[in-house]
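Student: Have a look at this one.
The values are calculated or read from the model by the stated rules, or taken from the named source; none is laboratory data. Predicted model only: the values in this text are computed from it and were never measured. When we count neighbours, we look across all protein chains shown, and the Cβ atoms used for this are built from the backbone with ideal geometry, even at glycine. Ligands, DNA and RNA are excluded from the accessible area calculation, which covers all protein heavy atoms including side chains. Shrake-Rupley method; radii C 1.70, N 1.55, O 1.52, S 1.80 Å.
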Amino acid sequence: MVDTELFIEEAVEEIENEVGDANAVIALSGGVDSSVAAALAYEALGDRLTPVYVDTGLMRKGETEQVAETFSYMDSLRIVDAHERFLDALSGVTDPEEKRHIVGEGFIREFEREARDAEADYLVQGTIYPDRIESEGNIKSHHNVGGLPDIVDFEGIVEPVRELYKDEVREVARALGLDELVAERMPFPGPGLAVRVLGEVTEEKLDVAREATHAVEEELEAYDPWQALAAVIGKATGVKGDNRVHGWVVSVRAVESRDGMTARALELDWETLQRLQSRITGSQENVARVVYDVTHKPPATIEYE
């Protein structure tokens with residue numbers, strides 16, 4: 001357990017010391033990690049902080065609107081529509097690590113552009129300890145660690161929650177008085193739905209993954225999973241009405257975990273599983289099948305790529 005009062009005091013002081021009299025931008029995603037980092041940085045820097053949310057087109061349903069509402073008290077909040085730039089960069093790419101590096105570089109270039117306009121020399125990120133472990137251990141590159149380009153146009157990158165696990169970040173969020181919707185929100189990968197779409201990222205596959213993930217999060221809320229998601233994993237033959245369809249296969253995944261380093265697949269009852277498949281296949285004409293992933297971590301990771 002983290003001493004939240006002491007941590008907040010030391011984190012604010014660390015940000016003040018690292019940034020000094022300069023300006024900074026905060027990479028804001030709406031998740032608990034970046035939200036805690038933003039709250040700490042805002043307390044330390046005030047109007048010298050520019051929060052930047054980049055809409056990559058890879059986000060959850062309603063994410064952009066929620067961020068705009070949650071952080072409206074920060075007058076300097078900037079919402080950047082980079083949808084087309086990210087999808088163009090990902091066009092034709094199928095390798096998971098290449099996707100992560102493309103998204104990582106795309107993010108940093110967007111933040112550099114906004115930082116120049118805000119005359120900011122520092123970037124604040126919500127990197128947490130498991131991000132560093134998985135990136136440095138070559139398990140997978142997180143967009144804010146191993147996915148970063150070698151050369152970045154910042155005097156320094158500040159990571160106030162870099163030594164914390166996810167459950168500790170949530171403790172700090174509660175101590176900071178952040179909205180429960182933020183503090184308790186399920187984890188979401190930095191590269192977004194790009195890693196919940198196997199193979200090439202397309203608008204159609206993103207739409208399927210976005211709607212299916214929304215359905216899974218709603219339907220499984222009563223189970224209180226650490227993380228629940230849906231991924232588009234391929235195509236298969238199905239029948240809808242009197243017609244044969246060659247539609248998408250959606251894999252549902254729900255796990256319980258303490259910190260994301262290990263996880264166990266949740267045991268869902270048959271009624272819940274049938275309700276999920278009915279909702280997903282019924283609401284999306286181009287989905288042929290729904291499957292449930294029962295693999296723990298290890299041997300699997302929580303996300304698909």
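Student: To the nearest Å, what is the center-to-center distance of segment 194-216 and segment 56-92, using C-alpha atoms only?
Tutor: If you average the Cα positions of each part, the centres end up 16 Å apart.
Student: What do you get for the angle between helix 166-176 and the principal long axis of the chain? Use alpha-carbon atoms, 0 to 90 degrees, nearest ten.
Tutor: That helix lies at roughly 50 degrees to the long axis.
Student: So for segment 202-292, averaging the separation of alpha carbon pairs under 8 Å that are six or more residues apart and normalising by length, what relative contact order in percent results?
Tutor: Dividing the mean separation by the residue count of segment 202-292 yields 29 percent.
Student: For the chain, with a Gaussian network of springs between Cα atoms less than 10 Å apart, report the residue from Asn17, Asn243, Asn286 with the top mean-square fluctuation.
Tutor: In the Gaussian network model the winner is Asn243.
Student: How much length is gained if the chain between Glu69 and Phe154 is pulled fully straight, taking 0.36 nm per residue apart and subtracting their Cα-Cα distance, in nm to one decimal?
Tutor: Taking Glu69 through Phe154 to full extension adds about 27.8 nm, to one decimal.
Student: What order do you get for 110-119, 30-39 when each peptide is scored by the mean count of other beta carbon atoms within 10 Å, highest first?
Tutor: Ranking the peptides 110-119, 30-39 by packing returns 30-39, 110-119.
Student: Measure nothing but the geometry: give the 0 to 90° angle between the long axis through the Cα atoms of 96-118 and the longest principal axis through the Cα atoms of the chain, rounded to 10°.
Tutor: Around 40 degrees separate the two axes.
Student: With a 1.4 Å probe and all protein chains left in place, how much of the accessible area of segment 4-183 comes from carbon and sulfur atoms, in whole percent?
Tutor: Taking all protein chains in place, segment 4-183 shows 42 percent carbon and sulfur surface.
Student: What is the sum of charges around Gly126, taking Lys and Arg as +1, Asp and Glu as -1, for the other residues whose C-beta is under 14 Å from the C-beta of Gly126?
Tutor: Net of charged neighbours comes to 0.
Student: Pop the C-beta distance of Glu180 and Glu256 into the FRET formula with R0 = 22 Å and round what comes out to the nearest 0.05.
Tutor: 0.65
Student: Out of the GluC sites (Glu not before Pro) in segment 264-304, which ones are loop residues according to DSSP with at most 13 other C-beta atoms within 10 Å?
Tutor: Filter output for segment 264-304: Glu267, Glu285.
Student: What does the helix-only formula give at 222 nm for the chain: each DSSP H stretch with n ≥ 4 adding -39500 (n - 2.57), the total divided by the residues, and the result rounded to the nearest 500 deg cm²/dmol?
Tutor: -12500 deg cm²/dmol
Student: Have a look at Tyr165, Ser29, Ser91 and report the one farthest towards the positive end of the charge dipole of the chain, computed about the Cα centre with Cβ charges (Lys/Arg +1, Asp/Glu -1).
Tutor: Working it through, the farthest residue towards the positive pole turns out to be Ser91.
Student: If you don't mind, another one. Convex hull volume of the Cα atoms in the chain, per residue, in Å³?
Tutor: 126 Å³
Student: A further question follows. Looking only at the chain, where both bridge partners belong to it, what percent of the DSSP beta bridges are antiparallel (to the nearest 5)?
Tutor: Rounded to the nearest five, the antiparallel share is 45 percent.
Student: I've got another one for you. Normalised by the residues of the chain, what does the relative contact order come to in percent, with Cα pairs under 8 Å and at least six apart?
Tutor: 17 percent
Student: Using 24 Å as the Cα-Cα cut-off, could you pick out the over-long pairs in Lys166/Lys297; Lys61/Lys297; Lys61/Lys99?
Tutor: The answer is Lys61/Lys297.
Student: Here's another thing I want to ask about it. Could you tell me how many degrees, from 0 to 90 and to the nearest 10, lie between the Cα long axis of helix 32-45 and the main elongation axis, the longest principal axis, of the Cα atoms of the chain?
Tutor: The angle comes out at about 20 degrees.
Student: Given segment 4-183, report the % of alpha carbon pairs whose separation exceeds 25 Å.
Tutor: 30 percent
Student: Okay, moving on. I'd like to check one number: the per residue accessible area of segment 4-183, probe 1.4 Å, reported in Å² as a whole number.
Tutor: Ligands and nucleic acids excluded, the result is 44 Å² per residue.
Student: Debye sum, Cα scatterers, segment 174-305, no solvent: what log₁₀ I/I(0) at q = 0.09 1/Å?
Tutor: Once normalised to I(0) and log-transformed, intensities are -0.27.
Student: What is the calculated FRET efficiency for Ser283 to Glu84, with r their C-beta to C-beta distance and R₀ = 35 Å, to the nearest 0.05?
Tutor: 0.85
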